[in-house]
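Heads up: the structure comes next, in structure tokens.
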């Protein structure tokens, strides 16, 4: 038997080594955060169309009951994360970078946590693939690595190579690490399940070399669950470098191939899933569990209790703050996600979402960016750090001067917004913010263009119609005139005037007669 | 004799190349975008007529014939700048008699509508539906916000509502360059750089 574990020989361009701070949260075993008194479940928390609420205010719901139904193909179901009464379905603050409100289902929990799960499918190998995909969609499973892309869509294609993303490259976050250490056996079964759905011959687990315990746990589990390695498992150890957990970066690290610009890994015959997603898919199929909780890292120096906890979807951040015994005297900011790609939670009464893998309660001066950005000195460090080999300086100039087509020409849309360029910038320029602004603006302008050309079409059609109507009217008049002329011709041209006069006289008489009657 | 040969040869060559060029000019003719088309593409197609022409295309034709480029309020400063870039003219501020307009949508107060069909006739993009003596309504998605339906209405039941788009789905990352209006507190920016 070949060695299952190996170290990659490939690398990707750029990357950075930020301080990790994973030890803040990865020292303790996984705990349960419990059920908060109120759940604030966001209906648009996944990639795609928001779910449509299917419960009414005052309804009693059980844990696992559907409260939002997916709309269209790119969408996901949303479920109640505990039992209780629906208090309201209204616009509430949500976990979103904008800090704005959107449609949420608010549930007052009753503490019983009564649950209602789906029928388990014990022998998934003998079941039609579509049944399994429907189950994954029904259970509302989305990519738990952070993108929240509906998983049933990503399980659909049939490819030869499955890559499990266990890199977890962002500082502070340690939920996948703890999950692998503690649930390795179940995880290996879960990965086999995903592998069988996709029909992949090979499966590579990509993991950073700073998680040796997790690697050992996985190796042991593979030995136990699949001693002959019939599933062709390989554990590819990649060097610790941010952003090795990016989809395209990890593929390059494992296979040495680059996913072409603007294309999916499918172009290389690869599909990638996150470890936590694989586990959620497995539990949805074999246990009938819908996605009502996820593993989340609670960390940051302001928090007294740190670690990884099973957290119900929709748990308000202010309740987490109490549970983690956060010292509010020193609390500076609350960040959802990591310090590289996360965002600040502006309203703490918003609830967690399916992609909330980490909450950082940062102390004053713990996480800061120097507040004065200086002019670009053209040092080129950003280009060295860019994992996508873009030219961040060029993108910056063009985004700043709003020459968006030039920015697009420099492949702005290949930027993964990892923040490596901002991190290395000695002038503290908020580069990623410029790119996000430019991307938004380009999309908005192209929408406007589409709308304008639609309006033009309608206007031109209207002009055409008016012209046609005018022509038709003229044609009618012409025909009527012709008919009159013809009639007159028959009576004889000389009689025409007389006939007209006689006609008029007759009409007048008839009218008089009528009014007399 | 040699001179004659040279002359004949040169004449032949000239005729040959002339024929070749003539053929190529016909065969490989490039259909270039006429300038009116390009101007029309920049104009916002609200068909509002504030420029003094009956629609965007007539104004595009007028610009091509030398009219000013600053008569389109819905296009705003950005539109003037794009036209200036295209035509190689100096960008200038919007005509003083016109104000830059915000995107709007027409809404008919339906219980007040008497069904006169006057607004339907005025709408340049057929965005109003209704029949004589029956209530009319505006298809909001098709409305360009041109105001043309407002004056003909005999009972003044049409309101122009500014499009706010102030919800999460229309939210955009703010421009970091517009410092004074930026909601970013600089120390709120992520990625963070200093981790203590």
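To the nearest 10 degrees, how steeply does helix A:495-516 sit against the main Cα axis of chain A, on a 0 to 90 scale?
Tilt relative to chain A: about 80 degrees.
May I ask you to order A:176-185, A:269-278 by the average number of other C-beta atoms within 10 Å around their residues, highest value first?
Ranked from most to least packed, the peptides come out as A:269-278, A:176-185.
Mind jotting down the three principal axis lengths of region A:111-168 based on Cα atoms? Whole angstrom, largest first.
43, 32, 17
For peptide B:120-127, what's the mean number of Cβ atoms from other chains within 10 Å of each residue's Cβ?
3
Can you sort A:154, A:287 by how many other beta carbons sit within 10 Å, fewest first?
Final ranking by Cβ density, sparse to dense: A:287, A:154.
Taking springs between alpha-carbon atoms closer than 10 angstrom, which of B:144, B:117, B:164 fluctuates most in the Gaussian network model of chain B?
Between B:144, B:117, B:164, it is B:164 that shows the largest mean-square fluctuation.
I'm checking a number: the convex hull volume of the Cα atoms of region B:92-143, normalised per residue, in Å³. What is it?
Roughly 113 Å³ of hull volume per residue.
Once both labels are modelled 7 Å past Cα along the beta-carbon direction, what's the residue B:114-residue A:74 spacing in nm?
Placing both labels 7 Å along Cα→Cβ, they lie 4.9 nm apart.
Hey, could you get me the Stokes-Einstein D for region A:276-391, Kirkwood radius over alpha-carbon pairs, 25 °C and 0.890 mPa s, rounded to whole µm² s⁻¹?
Translational diffusion coefficient: 150 µm²/s.
Find how much the distance from residue B:121 to residue B:150 grows on full extension, using 0.36 nm per residue of separation minus their present alpha carbon separation; answer in nm with one decimal.
Between residue B:121 and residue B:150, full extension yields an extra 9.3 nm.
Could you tell me what a quarter of the Cα convex hull surface of region B:21-60 works out to, in nm² with one decimal place?
Hull-based average projected area comes out at 3.6 nm².
Limiting things to C-alpha atoms, what are the Rg and the maximum Cα-Cα separation (Dmax) for region A:232-304, in angstroms?
Radius of gyration, then largest Cα-Cα span, for region A:232-304: 16.2, 46 Å.
Simple spin-label model, 7 Å along Cα-to-Cβ: residue A:113 to residue A:483 in nm?
8.5
Can you give the Rg to Rh ratio of region A:446-497, both from alpha-carbon atoms, with Rh computed by the Kirkwood formula?
Looking at region A:446-497, the ratio lands at 1.52.
I'd like the projected area of chain A, averaged over all directions, using the convex hull of its alpha carbons. Report it in nm² with one decimal.
40.9
In peptide A:433-443, what is the residue-averaged number of other protein chain Cβ atoms found within 10 Å of each Cβ?
Other-chain Cβ atoms within 10 Å of each residue's Cβ, averaged: 4.
Evaluate peptide A:96-105: per residue, the Cβ atoms of other protein chains within 10 Å of its Cβ; return the mean as an integer.
Per-residue shielding by partner chains comes out at 3.
I want to verify a result. In a Gaussian network model of chain B, Cα cutoff 10 Å, which of these has the top mean-square fluctuation: B:105, B:150, B:129?
Ranking B:105, B:150, B:129 by mean-square fluctuation puts B:129 first.
Between residue A:19 and residue A:411, take the C-beta separation as r, use R0 = 35 Å, and let me know the FRET efficiency to the nearest 0.05.
0.70
When the distances between all Cα atoms of region B:85-193 are binned every 10 Å from zero, what whole-number percent does each bin get?
12, 28, 22, 21, 13, 4, 0
Using only Cα atoms, tell me the angle between helix A:212-225 and the longest principal axis of chain A; keep it within 0 to 90° and round to the nearest 10.
The helix A:212-225 is inclined about 80 degrees to chain A.
Please work out the C-alpha center-to-center distance from region A:110-175 to region B:79-113 and express it in whole Å.
49
Out of all DSSP beta bridges in the protein assembly as shown, what portion is antiparallel? Express it as a percent rounded to 5.
Bridges in the protein assembly as shown are about 60 percent antiparallel.
Going by how many other beta carbons lie within 10 Å of each one, how would you line up A:203, B:51, fewest first?
A:203, B:51
If you average 1/r over every pair of different alpha-carbon atoms in region A:423-471 and take one over that average, what Kirkwood value in Å do you get?
Roughly 14.2 Å, rounded to one decimal.
Using only Cα atoms, locate the centre of region A:282-360 and the centre of region A:434-448, then give the distance between them in Å, rounded to an integer.
Between the Cα centres of region A:282-360 and region A:434-448 lies a distance of 31 Å.
Could you list A:413, B:17, B:28 so that the one with the fewest beta carbons within 10 Å of its beta carbon is first and the one with the most is last?
Placing the least packed residue first, the sequence is B:28, B:17, A:413.
Based on alpha-carbon centroids, what's the gap between region A:176-217 and region A:364-423 in Å, whole number please?
34
Given 10 °C and 1.306 mPa s, compute D for chain B with the Stokes-Einstein relation, Rh being the Kirkwood radius over Cα pairs; round to the nearest whole µm²/s.
72
Along the Cα→Cβ direction, 7 angstrom out, place labels at residue A:322 and residue A:209. What is the inter-label distance in nm?
The answer from the label model is 4.6 nm.
How tilted is helix A:184-198 with respect to the longest principal axis of chain A? Cα atoms for both, answer in degrees (0 to 90, nearest 10).
30
How fast does region A:365-517 diffuse by Stokes-Einstein, in µm²/s, taking the Kirkwood radius from C-alpha pairs at 4 °C and 1.567 mPa s?
Reported coefficient: 57 µm²/s.
Just so you know, all these numbers are worked out from the coordinates, no wet-lab data involved. Being a predicted model, the structure only gives us computed values, none of them experimental. Backbone-built Cβ (ideal geometry, glycine too); neighbour counts: all protein chains shown.
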